[in-house]
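Comments concern the structure below.
The values are calculated or read from the model by the stated rules, or taken from the named source; none is laboratory data. Note that the structure is predicted; figures quoted are calculated from it, not measured. Glycine gets a Cβ as well: all are built from the backbone with ideal geometry, and neighbour counts include every protein chain shown.
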Amino acid sequence: MQASGNDNQIIWLQAEAPAKPHIGQACNGCGVCCAAEPCPVARVFLRQMRGTCRALEWHADVSQYRCGMLLRPAHYLFLLPRFLETRFRSLIRRWIAAGVACDSDAYID
Ligand code: SF4
Ligand code: SF4
């Protein structure tokens, strides 16, 4: 699959993933944004500056991509104590605006 934002880029997604909605429509977990580049959360906490975010998880049961940093941050941040995980998740939810409209201007060829 080829996604285009500011530049052409090849990204790989599950064939069963939903098609990317238009910007402003409800997020459907298509995974395009996180496959195209790491968000600020990934840049800061995972130290990943380019490529598909390593916390992007495919959930075959719902045929959607999900943010692993939101679902199970301690899996990705080995120094995060378990007792802080719930608090950290609520912060991540706010930072990545989970469940809000799609804010990715990438388009698929
Ligand atoms: S924000 Fe948009 S591109 Fe990112 S997973 Fe949701 S629908 Fe897909
Ligand atoms: S941290 Fe989550 S929201 Fe950010 S790029 Fe990775 S999977 Fe996507």
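Applying the criterion of being part of a helix (DSSP H, G or I) and either surrounded by 13 or more Cβ atoms within 10 Å (Cβ to Cβ) or modelled with pLDDT of 95 or more (or both) to the residues of region 69-83, the residue that is farthest from ligand 2 (Cβ to nearest atom) is 74. Determine whether region 81-99 contains at least one residue that is touching a residue at least 60 places away in the same chain (Cβ under 8 Å), touching a Phe, Trp or Tyr at 6+ places or on another chain (Cβ under 6 Å) and within 16 Å of ligand 1 (Cβ to nearest atom). No; the residues of region 81-99 include none that is touching a residue at least 60 places away in the same chain (Cβ under 8 Å), touching a Phe, Trp or Tyr at 6+ places or on another chain (Cβ under 6 Å) and within 16 Å of ligand 1 (Cβ to nearest atom).
Of all the residues in region 84-109, those that are within 12 Å of ligand 2 (Cβ to nearest atom) and of a type in the set (Asp, Glu) number 1.
Number of residues in region 29-68 that are of a type in the set (D, E, K, R), within 12 Å of ligand 1 (Cβ to nearest atom) and not in a loop (DSSP other than H, G, I, E, B): the value is 2.
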